[in-house]
1. Could you calculate the contour length gain from Ser224 to Ala266, that is, 0.36 nm times the residue separation minus the distance between their Cα atoms, to one decimal place in nm?
2. Considering only protein heavy atoms and a probe of 1.4 Å, how much of the accessible area of the chain is carbon and sulfur, as a whole percent?
3. Explain nothing, just compute: Karplus ³J(HN,Hα) = 6.51 cos²θ - 1.76 cosθ + 1.60, θ = phi - 60°, for every residue of the range 50-61 in order, whole Hz, x for Gly and Pro.
4. Using a/c under 1.5 as the rounded threshold, could you call the range 121-216 rounded, prolate or oblate? The axes a ≥ b ≥ c are square roots of the C-alpha gyration tensor eigenvalues, and prolate needs a/b larger than b/c, oblate otherwise.
5. Suppose we flag trypsin sites (Lys or Arg not before Pro) only when DSSP calls them loop and at most 16 other Cβ atoms lie within 10 Å. Which is the longest uninterrupted stretch of the chain?
6. So if I restrict to the alpha-carbon atoms in the chain, what is the Rg, and what is Dmax, the biggest pairwise distance, in Å?
7. For the chain, calculate the relative contact order in percent as a whole number, restricting contacts to Cα pairs under 8 Å that are 6 or more residues apart.
8. Show the residues, 5+ positions off or on another chain, whose built amide H is closer than 5 Å to the amide H of Leu165.
Amino acid sequence: MRHTDHHGTPATGPTPPCLDPLAHLRTPGDPDRDVYLTGPVFLDIILTGLDSAPVRGTESWARGMGSSPGGVANMATALARLGLRTSLAAAFGDDHYGDYCWDALEQGEGIDLSLSRTVPGWHSPVTVSMAYEGERTMVSHGHAAPPPGPAPQCPPPARAAVASLAPGHRDAWIDRAAHDGTRIFADVGWDDTGRWDPADLAGLEHCEAFLPNAEEAMRYTRTSCPLAAAHALAELVPVAVVTLGPEGAYAVDGATGESAQVPAIAVEALDPTGAGDVFVAGFVTGTLAGWPLADRLAFAGLTAALSVQEFGGSLSAPGWLEIAAWWQQVQEVSGQTPEALRRYAFLDGLLPAPARPWPLRRAVPTIGFRAPA
């Protein structure tokens, strides 16, 4: 398996995160990995700055463009940028797109790909995402995913794993991971069958936290209110988190009865691609670090809000320096309500000193620059 540096990967390798949120918890006997994920990796090409949807028979010009690994890579990148030791088991195409995605994740983000593989003769799936009017339209292409190859010690020992539950489909690795003591966090996709029966979500019984959006939560619980849906889901899983879009998020801890609601941060959204993945990554980070429920919810919402101000999924995921720069900048803006600032005061004892002023640009709008000779 060969992955060269012709995509412009820095010869020095990935820059380590400036903060380890689990440093105070680590012991010599801990697993090497904090979070394990598996799933398909896409090459995402994101077009932004469109005034409207493309019109048939015409040519539209986008004012912005980004390229990055997508699919499960969005979640893996978001976790790695928050300082979690992240392991990804995925199939990569045997083409330049596959090389680029591999290098971007392993060399650029420091993600462990020892359980991943390149599949001979299989080309990378591709998604073109067009962002306009605060929404996105996607067109994807790809052949059927290759069958799973031999993966020793898969799933590996890890503090946590993130799964995407699919109605009527059982991922055996979730059962094995939960049996080995891995904490399972899960979101869910749209139920095309229309049943919306929680019994169809194999693996839900192993989840420590379940994070659907409001529409999904209400359909699965047959309720008309997202908050009522969260309380109903908390009877099925220890922690239920329902994302409310521009209204923020609501969470219920079924074991303690504690609930928390945090409003969304008002931002000018450029591209919502991957925001849900970033939200989950933020919540997982806070949970593994042992933060209170409301702080976890606020942090997850903050990371998602920062992500939608950039284009792309994995491109837009914020790291600690971006979070620190935002926190410094927002405290200097006049007219902030003290209550809103207190909600994020827990960041004071956590964040590094911002090295650069806000805003920070993270995205690179090309497949990859060639390395200097």
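The values are calculated or read from the model by the stated rules, or taken from the named source; none is laboratory data. Since the model is a prediction, treat every value here as computed from it, not as a measurement. Quick reminder, even Gly has a Cβ in these numbers, built from the backbone with ideal geometry, and neighbours come from all protein chains shown. When the accessible area is computed, the model is the full protein with side chains, heavy atoms only, and any ligands, DNA or RNA have been set aside. Shrake-Rupley method; radii C 1.70, N 1.55, O 1.52, S 1.80 Å.
1. Numbers: separation 42, 0.36 × 42 = 15.12 nm, distance 2.54 nm.
Difference between extended and current length: 12.6 nm.
2. Result for the chain: 55 percent of the exposed heavy-atom area is carbon or sulfur.
3. 7, 6, 7, 5, x, 9, 4, x, 10, 10, 10, 10
4. Oblate is the answer for the range 121-216, as a/c is 1.5 or above yet b/c matches or exceeds a/b.
5. Numbers: sites that count: Arg2, Arg26, Arg56, Arg63, Arg170, Arg195, Arg222, Arg361, Arg370.
Longest site-free region, per DSSP loop and neighbour criteria: 223-360.
6. Rg and Dmax of the chain, Cα atoms, are 20.1, 62 Å.
7. 18
8. Amide H neighbours of Leu165: Asp187, Val188, Gly189.
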